[in-house]
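J.: Pasting a structure below so you can have a look.
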Amino acid sequence: MIRSGLIGRSILSSKSPWLHEQEARAQGLALTYELFDFTDRHLDDDALDGFVKDRAREGFAGLNITYPFKQRVIPVLDDLSRNAAMVGAVNTIAMRDGRLIGHNTDMEGFRDSFAAGLPDVAMNRALLLGAGGAGAAVASALLLLGVKCLDVADADFGRAEALAARLNALVGSDRVRAFDLKDLSTDMVDGIVNATPMGMIAQPGLPIAPDLIHARHWVADIVYFPVETELLRTARAKGCATLDGTGMVIAQAALAFEIITGHAADQQRMRRSFASGQS
């Protein structure tokens, strides 16, 4: 039996168990995927280290990590993949022979989803909302996709500054600038990406004032439950090109499935599973 799961907060509506277990069943693999919701279990953030290590001792093959632990989990791990080291965040842990290896599949997942869903959009300047673990992955993907200038905004300005400094050190320029969420302007940006939890079932609402969204913008959201967030609904009403979070969640889940199980996933089959799991 392959044991796996997801650690985070407010995740009881996650589609990850359905995606992973359906793919395993299609491949003839015996796999379980459990949700470890720290909010539902009344666990403090400080319990993360011991909780991860306990799952390894219990024989888990791996775990997915989501908000708010993608960066906090790093000190628990023995090593990082190149992608995880570059992004500075982990969303998948492989548990092998007593070692915990952190990976990041969010960056590739967003990159591939964006390239397929918003081809040929203007990429001179983009605004990224959220500088946490998911935001770090999306920021790296946007730079790889060719965004010339990236504005990063977060309610915690220090976190936005830290991400901008780290990315500028990697790309060798001042392509990334930090902003406070309350000091935003979208006059010069071509597109907007939400990498905050705002818009999730547990955190409804908009991550940005609606009057900052204009028809000339493209708008992407990494939230996938619900698929149509308030941000995307507002953007579509204004005539914006939009991208929802389904492409990213399916692509990153397929990569995570392979890391945890050692078996390549069929992304098209996972997409069909995701669609059927929405009903």
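J.: In the stretch 39-63, what residues are under 16 Å from Leu77 (Cβ atoms) and among the charged types (D, E, K, R)?
T.: Across the stretch 39-63, the qualifying residues are Asp49, Lys53, Asp54, Arg55, Arg57.
J.: With respect to Arg57, is the statement that it is touching a strand residue (DSSP E or B) at 6+ places or on another chain (Cβ under 8 Å) and charged (D, E, K, R) true?
T.: It is false that Arg57 is touching a strand residue (DSSP E or B) at 6+ places or on another chain (Cβ under 8 Å) and charged (D, E, K, R).
J.: State all residues of the stretch 60-84 that are in a helix (DSSP H, G or I) and either modelled with pLDDT under 95 or crowded, with 17+ Cβ neighbours inside 10 Å (or both); if no residue qualifies, say none.
T.: Ile74, Val76, Arg82, Asn83, Ala84
J.: On the basis of being touching a helix residue (DSSP H, G or I) at 6+ places or on another chain (Cβ under 8 Å) and at pLDDT 95 or above, does Thr39 make the cut?
T.: When the stated conditions are applied, Thr39 does not pass them.
J.: Conditions: (1) outside the structural domain of Lys70 (by TED's automatic domain parsing); (2) surrounded by 17 or more Cβ atoms within 10 Å (Cβ to Cβ); (3) within 29 Å of Phe69 (Cα to Cα); (4) of a type outside the set (Phe, Trp, Tyr). Thr186 meets all but one. Number of the miss?
T.: Here Thr186 clears every test but (3).
J.: If you don't mind, another one. When Leu170 is evaluated against the numbered criteria (1) without any contact (Cβ under 8 Å) to a residue 24 or more places away in the chain; (2) under 24 Å from Ala85 (Cβ atoms); (3) not in a loop (DSSP other than H, G, I, E, B), which criterion, by number, is the only one it fails?
T.: The single condition Leu170 does not satisfy is (1).
J.: Of the residues His42, His20, only one is assigned to a loop (DSSP other than H, G, I, E, B) and of a type outside the set (D, E, K, R); which? So that I can check it myself, show each step before the final result.
T.: On the way: His20 fails: assigned to a loop (DSSP other than H, G, I, E, B).
Sole residue among the options that is assigned to a loop (DSSP other than H, G, I, E, B) and of a type outside the set (D, E, K, R): His42.
J.: Can you pull out every residue in the stretch 243-279 that is crowded, with 20+ Cβ neighbours inside 10 Å and not in a helix (DSSP H, G or I)?
T.: Hits for the stretch 243-279 are Leu243, Asp244, Gly245, Ala265.
Each row is one residue, and each column tells you yes or no for (1) at pLDDT below 95; (2) closer than 16 Å to Ile74 by Cα; (3) under 11 Å from the mean Cα position of the chain (by Cα).
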{"position": "Val90", "(1), (2), (3)": "no, yes, yes"}
{"position": "Leu100", "(1), (2), (3)": "no, yes, no"}
{"position": "His103", "(1), (2), (3)": "no, yes, no"}
{"position": "Phe114", "(1), (2), (3)": "no, no, no"}
{"position": "Asn124", "(1), (2), (3)": "no, no, no"}
{"position": "Leu128", "(1), (2), (3)": "no, no, no"}
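J.: Which of (1) touching a residue at least 40 places away in the same chain (Cβ under 8 Å); (2) buried (at least 16 other Cβ atoms within 10 Å of the Cβ) is the odd one out, the single condition Val227 does not satisfy?
T.: Val227 satisfies all of (1) touching a residue at least 40 places away in the same chain (Cβ under 8 Å); (2) buried (at least 16 other Cβ atoms within 10 Å of the Cβ) except (2).
J.: Can you tell me which of (1) touching a Ser or Thr at 6+ places or on another chain (Cβ under 6 Å); (2) closer than 15 Å to Glu258 by Cβ is the one Glu108 doesn't meet?
T.: Result: Glu108 passes all but (1).
J.: Same structure again: Out of the stretch 239-276, which residues are touching a residue at least 40 places away in the same chain (Cβ under 8 Å) and touching a Lys or Arg at 6+ places or on another chain (Cβ under 7 Å)?
T.: Those that are touching a residue at least 40 places away in the same chain (Cβ under 8 Å) and touching a Lys or Arg at 6+ places or on another chain (Cβ under 7 Å): Ile250, Phe274.
J.: A further question follows. Please verify whether Met95 is surrounded by 13 or more Cβ atoms within 10 Å (Cβ to Cβ) and either at positive phi or within 16 Å of the chain's Cα centre (by Cα) (or both), treating the condition exactly as stated.
T.: Criteria not met by Met95.
J.: Further question on the same structure: Does Glu34 meet the test of being of a type outside the set (Phe, Trp, Tyr), free of Cβ contacts under 8 Å to residues at least 40 places away in the same chain and part of a strand (DSSP E or B)?
T.: Against the criterion (of a type outside the set (Phe, Trp, Tyr), free of Cβ contacts under 8 Å to residues at least 40 places away in the same chain and part of a strand (DSSP E or B)), Glu34 qualifies.
J.: Among the residues that make up the stretch 113-123, is at least one of them touching a Phe, Trp or Tyr at 6+ places or on another chain (Cβ under 6 Å), outside any strand (DSSP E or B) and surrounded by fewer than 17 Cβ atoms within 10 Å (Cβ to Cβ)? Explain how you work it out, then say what you get.
T.: Narrowing the stretch 113-123 to residues touching a Phe, Trp or Tyr at 6+ places or on another chain (Cβ under 6 Å): 118, 121.
If we keep only those that are outside any strand (DSSP E or B) too, we end up with 118, 121.
The next check asks that each one be surrounded by fewer than 17 Cβ atoms within 10 Å (Cβ to Cβ); those that pass are 121.
Yes, the stretch 113-123 contains at least one residue that is touching a Phe, Trp or Tyr at 6+ places or on another chain (Cβ under 6 Å), outside any strand (DSSP E or B) and surrounded by fewer than 17 Cβ atoms within 10 Å (Cβ to Cβ).
J.: Could you please find all residues in the stretch 207-224 being part of a loop (DSSP other than H, G, I, E, B) and surrounded by fewer than 17 Cβ atoms within 10 Å (Cβ to Cβ)?
T.: Ala209, His214, Ala215, Arg216
The values are calculated or read from the model by the stated rules, or taken from the named source; none is laboratory data. All figures in this text were calculated on a predicted structure; none of them were measured in a lab. Cβ: placed from backbone, ideal geometry, glycine included. Neighbour counts: every protein chain shown.
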